[in-house]
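**Q** Structure in structure tokens, see below.
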Amino acid sequence: MSLTGRYGHLGRLAAVGLQQAVEDVLHRGGLRVGERTLMPEVVIFDDGGTRAGVRHALDVLARADLIIGPYGSDLVVEAARWTGERSRVLWNHGGSADETQRLPGVVSVPAPASRYFAPVLDAVVAQMPGARVVVAAGRGAFGRSAANGAVSAAGRLGMEVVAVAPHDEISDQPDVEILLAAGSFADDVALIRRLRRRPPVVAAVAGGVGAFAAEVRAEGVLAPSQWEEGARFHPDVGIRPSDVVRSLRARISPLLEVRSNLGHIDYPTAQAYAAGLIALRCVQEAGVVEDAALHAAALRLHCTTFFGRYGLGPDGRQAEHAVLVVQWRQQGKRLVWPPSLAEVPVEI
């Protein structure tokens, strides 16, 4: 995990999630595998937010039974190279780029980036039929995946994508109805800060985490989110959503000074917790801690956790987990899509 460096804030939030997932298993007496009871232990090494740091961290952790990936698609690629060289499984919570999720041996819990903006456009199309769209896409694999998915979704809904460009090439007065931003947290924030005229709909990946509201005027901004506290699923793996939220909130309180969302739990924490749950469930399913058997179990597994659905598709990407949509209001970040889970309706 990146405990420092460019992904330090999100990496620390993810570390909390993984640690709490294992603590909750231990609190219930450990992991039952056949006739044995295993007592898992988490060891985290700071990769510093660099590819070289990822490889060094994995060299240090090489004897671990389960390898949990870092936060950030570019770092996950480096981790996947390391595990691929050794025929290991990489349990991926923090890399959503589609090409990253397709890498051999990568077991992904979050939905791929190509599905990020489809629900955002679904949420607004009734109020903005035929809208024109501009997409600010980060230069890495994540930005490309999110932009490609946005273009596809817009075409399906009869919207016109007039431009896909890097953040720093987007006008500060975009003459469109919808602006979608898919880059790093810093890039999304910088773009929204310099807008002199906001389109009626602004959606940014950065808006999915609580720190966003401390950086920009967040009111009205939409965001894709992998998970929200208000989305109460009915799990068949792990504990109830309310119990997960309670345990995570208790553990995350020391990090609140790191610009957290008024004590709310951000999805990087939740998806790392979910990755721990899925990895440990696959140990139970396989009956052994052996990578080939664990990977086969991960491909077979279809289940629901507090995080939502889990199930890999034929190409290795996460196929069943749904992306949610939130909108920033005066009361904070509120779930607005899908309608079956929405706390409030979307406002334009």
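**Q** Kindly indicate which of Arg139, Arg86, Arg63, Arg102 is within 21 Å of Gly207 (Cα to Cα) and among the charged types (D, E, K, R). Break it down into steps so the answer makes sense when it comes.
**A** Working: Arg86 fails: within 21 Å of Gly207 (Cα to Cα); Arg63 fails: within 21 Å of Gly207 (Cα to Cα); Arg102 fails: within 21 Å of Gly207 (Cα to Cα).
Of Arg139, Arg86, Arg63, Arg102, the one residue that is within 21 Å of Gly207 (Cα to Cα) and among the charged types (D, E, K, R) is Arg139.
**Q** Cβ-Cβ below 6 Å, separation at least six or inter-chain, first residue in region 162-188 and assigned to a strand (DSSP E or B), second among the basic types (Lys, Arg): which pairs?
**A** Listed by first residue and then by second, the contacts come to Val162/Arg132.
**Q** What number goes with the only condition from (1) in a strand (DSSP E or B); (2) within 14 Å of the chain's Cα centre (by Cα) that His321 does not pass?
**A** Just one mismatch for His321, condition (1).
**Q** Anything in region 106-133 that is assigned to a loop (DSSP other than H, G, I, E, B), surrounded by fewer than 24 Cβ atoms within 10 Å (Cβ to Cβ) and either touching a strand residue (DSSP E or B) at 6+ places or on another chain (Cβ under 6 Å) or among the aromatic types (Phe, Trp, Tyr) (or both)? List them, or say none.
**A** Step one: list which residues in region 106-133 are assigned to a loop (DSSP other than H, G, I, E, B), which gives 109-112, 116-117, 125-131.
Next, from what is left, pick out any that are surrounded by fewer than 24 Cβ atoms within 10 Å (Cβ to Cβ): 125-131.
Within region 106-133, just Ala131 meets the criteria.
**Q** Given the criterion in contact (Cβ under 8 Å) with a residue 40 or more places away in the chain, among the charged types (D, E, K, R) and part of a helix (DSSP H, G or I), identify the matching residue among Arg251, Arg246.
**A** Numbers: Arg246 fails: in contact (Cβ under 8 Å) with a residue 40 or more places away in the chain.
Testing whether each residue is in contact (Cβ under 8 Å) with a residue 40 or more places away in the chain, among the charged types (D, E, K, R) and part of a helix (DSSP H, G or I) leaves just Arg251.
**Q** Just to verify a result, which residue in region 294-318, among those that are assigned to a helix (DSSP H, G or I) and open to solvent by less than 30 Å² (accessible area, probe 1.4 Å), is farthest from Val237 (Cα to Cα)?
**A** If we take residues in region 294-318 being assigned to a helix (DSSP H, G or I) and open to solvent by less than 30 Å² (accessible area, probe 1.4 Å), then Leu294 is farthest from Val237 (Cα to Cα).
**Q** What pairs come out if I take residues in region 33-55 that are assigned to a helix (DSSP H, G or I) and pair them with residues that are surrounded by 15 or more Cβ atoms within 10 Å (Cβ to Cβ) and of a type outside the set (A, V, I, L, M) whose C-beta lies under 7 Å away, six or more apart or interchain?
**A** Arg51/Glu78; Gly53/Asp47; Val54/Asp47; Val54/Pro70; Val54/Glu78; Arg55/Glu78; Arg55/Trp82
**Q** Check off (1) open to solvent by less than 10 Å² (accessible area, probe 1.4 Å); (2) part of a loop (DSSP other than H, G, I, E, B) for Arg196 and give me the number that stays unchecked.
**A** (1)
Residue-by-condition table, conditions (1) open to solvent by 20 Å² or more (accessible area, probe 1.4 Å); (2) at pLDDT 95 or above; (3) within 23 Å of Ser247 (Cβ to Cβ):
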{"residue": "Tyr7", "(1), (2), (3)": "yes, no, no"}
{"residue": "Gly17", "(1), (2), (3)": "no, yes, yes"}
{"residue": "Val43", "(1), (2), (3)": "yes, yes, yes"}
{"residue": "Leu61", "(1), (2), (3)": "yes, yes, no"}
{"residue": "Ile68", "(1), (2), (3)": "yes, yes, yes"}
{"residue": "Thr83", "(1), (2), (3)": "no, yes, no"}
{"residue": "Trp91", "(1), (2), (3)": "no, yes, yes"}
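**Q** Let me ask you something else. What about Arg144, is it open to solvent by 10 Å² or more (accessible area, probe 1.4 Å) and within 19 Å of Phe185 (Cβ to Cβ)? Walk me through it before giving the result.
**A** Working: open to solvent by 10 Å² or more (accessible area, probe 1.4 Å): yes; within 19 Å of Phe185 (Cβ to Cβ): yes.
Yes, satisfied.
**Q** Here's a check for you: in region 207-223, which residue that is of a type in the set (A, V, I, L, M) and in a loop (DSSP other than H, G, I, E, B) is surrounded by the most Cβ atoms within 10 Å (Cβ to Cβ)?
**A** Once the filter is applied, the top-ranked residue is Val221.
The values are calculated or read from the model by the stated rules, or taken from the named source; none is laboratory data. All figures in this text were calculated on a predicted structure; none of them were measured in a lab. Please note: Cβ atoms are built from the backbone with ideal geometry, for glycine as well, and neighbour counts cover all protein chains shown. The accessibility values were calculated without ligands, DNA or RNA, using every heavy atom of the protein model including side chains. Shrake-Rupley method; radii C 1.70, N 1.55, O 1.52, S 1.80 Å.
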